[in-house]
Amino acid sequence: MKINRTGHPAFSRLLFCVALLSLGAAAFAQSGGELRFCLRSEPKTFDPLLVDDDSSLSIRYLTGGVLVRLNRHTQELEPELAESWKVSRDGKQITFKLRSGVAFSDGSPFSSEDVAFTMKRLMEPALHSSTGDAFRSGSGAVTAKIVAPDQIAITFPAPIAGLDRLFDQVAIMSAHSAKKEGAVLGPFMVAEYKAGSTLLLRRNPNYWKRDSQGRRLPYLDSIRLDIQSNRDVEMLRFKRGELDLINVIDSDYFDRLASSSPGLAHDAGASLDSDFMWFNQVASAPIPEYKRAWFRSRNFRRAISEAINRDDLSRVVFNGHAQPAAGPVSPANKFWFNSNLKAQPYRPDAALELLRADGFHLQNGALFDKAGNAVEFSIVTNAGGKPRERMAVMVQEDLSKLGINVNVVTLDFPSLIERISQKFNYEAAMLGFRNVDLDPNGQMNIWLSSAENHAWNPQQKSPDTAWEAEIDRLMRAQASAADPKKRKESFDRVQEIVAEQAPFIYLVNQNALSAVSSAVQGADPGILSPQTFWNADRITLNPTTRASR
Amino acid sequence: MNQVRKLACVVVLVVCAMSAAANWLAPAGYAKQFREAPDAPPSRQHLLGTDEVGRDRFARVLYGTRISLLLAPAAALVSTALAALVGGLAGYLGGFWLRLARGFTDLFLSLPWLFLLITVRALLPLNVSPLTSVLITFLILGLLGWAASARVLSTSADALRNSDFILQARASGLHGPRLFLIHVLPNLKPVLYAQFWISIPVFILSEANLGILGLGVAEPLPSWGSLLRELEGLISFREEPWRLVPLLLLIVVMTSFQLLLSNEEVTA
């Protein structure tokens, strides 16, 4: 009898099967590869309840599990860890029915206890959580009542408008895990962090979501986030194929990329961000009284607004990757945008008529007020922001056609903020508003006359003008109404008043520009943050790239 | 006059003449925005193309050269004069005065300039015309940029103080300001020239950086510094080589001045 050196034939077949299975398992484990992109600053925290910077926000999005998720494409709320939810008629209570059989990344089970723990910690005053601030509706405690292991009712002392949407920002933490924020419910978990250099996120083996074929998500094995503040370096690395995504790029880089590699540059249309300017109307500001009178005049502000050529700003400064702004809400915000409002057209003649109505007159090409003061003011803006500096120069040129002398002053950001929010030692300012929240409640700190960010005249004890009082009333009305239609009516009127009174002169809404490598499959860049990786659990890399990493 | 020096002289004269004649040579004012042609490549209408907001780059280079060639040397003159006064005198006097001057310059060099400049900006009014802003900028540079040069000059003057010819002059009865002006200062001339010429490009670049603090040349006035800021973010020079013209002009003019200087030094 001949002895097979490798053993029994059946054993060999078994070994072969095991080897095949191992290969299959290995292939499955390596199915998505490693996605690479940059964070532009060091994340300030890994605690999901303390997040208030962009980098930490990205990490929370990729690692945190939430009860409901705002679909960045449809702008509709979708169930995540909560299968369903219901907001009470008075807007004070929300009840969640939770998904069962879900576990944190460390294996500890997920239940309503974790939601109660998260809400309790979120609302602790000592934590100073900006996410928690959005839930503070009135005096009194927030209570989370565990109805069942898979059901919880959270009650607030006063109604909160758009309550369910706020839970998109609340990453649930484990009540029992010793790993604290290291135990996550999102698609990825933090595996390695080298301060100032790299952050490695690995696939969460216990992530609950599966695709339509029943395959466990996410597809990717890992995400490598390099901390890189220099945008030139980021673009060079992207072009060399070392990075797969750039979440936000400016129009100059976009055009260069679009000309060299058209398929990689993505313009998703107008974003929620807006650029605007305003005049200092603070009564105690150290500016001449006659200038304060100009700035407080509706006609003067409207004239300045009409004399600015927004089409040129969009075309020249942003190479066409921006839209003239109509008001405080971008048309990208599908529900809340007041579609009756149109961007202010360029009408220098009409602007001059408005100025004449206020007693201004032209003399040898220069504009003077009725007291004979030459019309001259400075616009402060942040140094280093090239698009904004260019916009200021173009506004300077536009206003010079009305005989107005504008001095453009660029300041470092801390000095600028000190001037516009503490010392009020400025005449006009130009800045941008980066809006991440669709709901107008996120803008309460801008529109209420008592608010700190009511930039043109903040922290008023009582509204200085009738129209500001009306805005106060409408913003409070929309915040306390549960019916979305009534809320929209109120906020539409706020947008109309802002357009009529021009306390902020809105200039442009920049487009959401991003870059996605051809190696990435399944990415669908949108306008809402995070633009390129909002569906990170369904993104994968092509086989060539996977093999090379 | 050798050929290289002649060439340098011609370059400097041509650049100065062209900047002086900017009003006639430039196809448009430095602030005029051709908004239908932003970032345009060179053409018959715009010899060096246009900048990001459509301003003629050739016009801006001519006017910017005029401003920088007038004011950067003026600032360098102020700083070198201060350096000569503090460093030269301290080195000549030696002993306590030299130690005091070196301590003072070391202290001055160690000051956190960023915060100091932010304070200066806070003290200045926002509403100043572009021309005033450029004067303020170069005055600040001149008044603050003397310390490093003073340190170099104090060392040179200290070495001269102990040299044989100074001892001989002293032995002949010459001393005080007369000795300083007749024998010490002329022998410091090469160092003074070197410090002066080194300061000019440093001040031009500093002016560009001061823009970040709101202290630079205000828009729409051009300067070499603001023109050099256009190069920020330029990934490939091959795509738009004409954008390098301000940088090349700076290099050519500075080199020409150096060549002229080196010959003067030899003759001195």
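Quick notes on this structure:
- Taking 20 °C and 1.002 mPa s as conditions, region B:1-113 diffuses translationally at an estimated 120 µm²/s according to Stokes-Einstein applied to its Kirkwood radius (Cα pairs).
- Rh by Kirkwood over Cα pairs, then Stokes-Einstein D for region B:27-90 at 0.692 mPa s and 37 °C, µm²/s: 239
- The ratio of the alpha-carbon radius of gyration of region B:122-180 to the globular-protein estimate 2.2 N^0.38 Å is 1.95.
- For chain A, hydrophobic long helices are taken as DSSP H runs at least 18 Å long by C-alpha position along their axis with mean Kyte-Doolittle hydropathy of 0.5 or more; these are A:9-29.
- Peptide B:117-130 has a mean shielding of 4, counted as Cβ atoms of other protein chains within 10 Å of each residue's Cβ.
- Set of region A:428-450 residues, backbone N closer than 14 Å to the point 7 Å along the Cα-Cβ line of residue A:283: A:450
- When shorter helices are ignored and each DSSP H run of at least 4 residues is given -39500 (n - 2.57), the per-residue value for the protein assembly as shown at 222 nm works out to -12500 deg cm²/dmol.
- Note on residue A:450 and residue A:267: the model spin-label points, each 7 Å out from Cα along the C-beta direction, lie 4.5 nm apart.
- Within region A:378-431, the ratio Rg/Rh, alpha carbon atoms throughout and Rh by Kirkwood, equals 0.99.
- Histogrammed with a bin width of 5 Å, the alpha carbon distances of chain B distribute as 1, 6, 11, 13, 15, 14, 12, 10, 7, 5, 3, 2, 1, 0, 0, 0 percent, first bin at zero.
- Note on residue A:195 and residue A:210: the model spin-label points, each 7 Å out from Cα along the C-beta direction, lie 4.3 nm apart.
- Of A:259, A:96, A:38, farthest towards positive along the dipole that unit charges on Lys, Arg, Asp, Glu beta carbons give the protein assembly as shown: A:38
- Cα radius of gyration and Dmax for region A:402-549 (Å): 21.2, 66
- Förster-model FRET efficiency, 25 Å R0, residue B:116 and residue B:81, C-beta, rounded to 0.05: 0.75
- Each Lys and Arg Cβ is given +1 and each Asp and Glu Cβ -1; about its Cα centre, region A:47-193 then shows a dipole of about 480 debye.
- Translational diffusion of region A:328-428, µm² s⁻¹ [Kirkwood Rh, Cα pairs; Stokes-Einstein; 37 °C; 0.692 mPa s]: 205
- Given charges at beta-carbon only (K, R positive; D, E negative), |dipole| of region B:100-184 in Debye: 100
- Within-13-Å neighbourhood charge of residue A:312 [Cβ basis; K, R +1; D, E -1]: 0
- On a per residue basis, the convex hull of the C-alpha atoms belonging to the protein assembly as shown measures out at 267 Å³.
- Its alpha carbons considered, region A:162-284 gives a radius of gyration followed by a Dmax of 20.1, 65 Å.
- Relative contact order of region B:66-199: 44 percent, from C-alpha pairs under 8 Å at least 6 residues apart in sequence.
- Of the residues A:467, A:126, A:159, the one whose Cα sits farthest towards the positive end of the charge dipole of the protein assembly as shown is A:126 (charges of +1 on Lys and Arg Cβ, -1 on Asp and Glu Cβ, taken about the Cα centre).
- What the Cβ-Cβ distance of residue A:202 and residue A:421 gives, at R0 = 45 Å and to the nearest 0.05, is a FRET efficiency of 0.60.
- Using the empirical formula 2.2 N^0.38 Å as the baseline, the Cα radius of gyration of region A:219-276 reaches a ratio of 1.26.
- Counting all C-alpha pairs of region A:80-165, share separated by more than 20 Å (%): 35
- Dipole-positive endmost among A:178, A:198, A:188 within region A:174-216 (Cβ charges, Cα centre): A:188
- Region A:380-489: C-alpha pair distances exceeding 22 Å, %: 49
- Residues whose amide H lies under 5 Å from that of residue A:198, counting only those 5 or more places away or on a different chain, are A:227; hydrogens are built 1.01 Å from N in the peptide plane.
- Dipole size of the protein assembly as shown about its Cα centre, with +1 on Lys/Arg Cβ and -1 on Asp/Glu Cβ: approximately 1340 debye, rounded to the nearest 20.
- Projected label points at residue B:167 and residue B:182, each 7 Å from Cα along the beta carbon direction, are separated by 2.0 nanometres.
- Across chain B, the longest piece that holds none of the GluC sites (Glu not before Pro) lying in DSSP loops with up to 12 other C-beta atoms within 10 Å covers B:37-231.
- Förster radius 60 Å - calculated FRET efficiency between residue A:136 and residue A:357 (Cβ-Cβ, nearest 0.05): 0.85
Laboratory data are not the source of any read-out in this text; all were calculated from the coordinates shown. Note that the structure is a prediction, hence the values are computed from the model and not measured. Cβ coordinates were reconstructed from backbone atoms using ideal geometry, including for glycine residues, and neighbour counts include every protein chain displayed.
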